[in-house]
1. Using label points projected 7 Å from each Cα along Cα→Cβ, tell me how many nm separate residue 121 and residue 100, to one decimal.
2. What whole-number value in cubic angstrom gives the convex hull volume per residue for the C-alpha atoms of the chain?
3. Tell me, what are the semi-axes, in whole angstrom and largest first, of the equivalent ellipsoid of the range 1-66 as set by the roots of 5 times the Cα gyration tensor eigenvalues?
4. Using alpha-carbon pairs under 8 Å, 6+ residues apart, how would you state the relative contact order of the range 2-141 in percent?
């Protein structure tokens, strides 16, 4: 069942990528958006998206000390170390002020689709802070600091 849900999630992500190409927000690839506390950004996610990230990456290369500093554990040299498998919130968040008014609409539309995938596959819906959840999981696993 997980692989079928993951396949549907990948389709949602592909459609989002097409929508973002159409809207053309600018990414400076500074990595600032991945420094959540510093940028004042909180990333929320769902169990499906976190399970997808875990299944596709094994959380390889996650740095627990970055979570303690309020940054994504997958940030590497200002770039996303799990870019192909990142969550919806990461995919939609841009520092581009021209995209600020579109961002909530785009996020809500695609988040609703993620929720539909979860419903169809019997995955209970939850919405949680990514740093808190990944930090707890990395601590439990004893991920290297």
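Read the figures in this text as sums done on the coordinates, not as results from a lab. Because the structure is a prediction, the values reported are computed rather than measured. Cβ coordinates were reconstructed from backbone atoms using ideal geometry, including for glycine residues, and neighbour counts include every protein chain displayed.
1. Label-label distance for residue 121 and residue 100, simple model: 3.6 nm.
2. On the way: hull volume 15.1 nm³, N = 145.
Value for the chain: 104 Å³ per residue.
3. Numbers: eigenvalues 105, 83, 21 Å².
Semi-axes, largest first: 23, 20, 10 Å.
4. Working: 141 pairs, mean separation 48.9, N = 140.
Once divided by the residue count of the range 2-141, the mean separation gives 35 percent.
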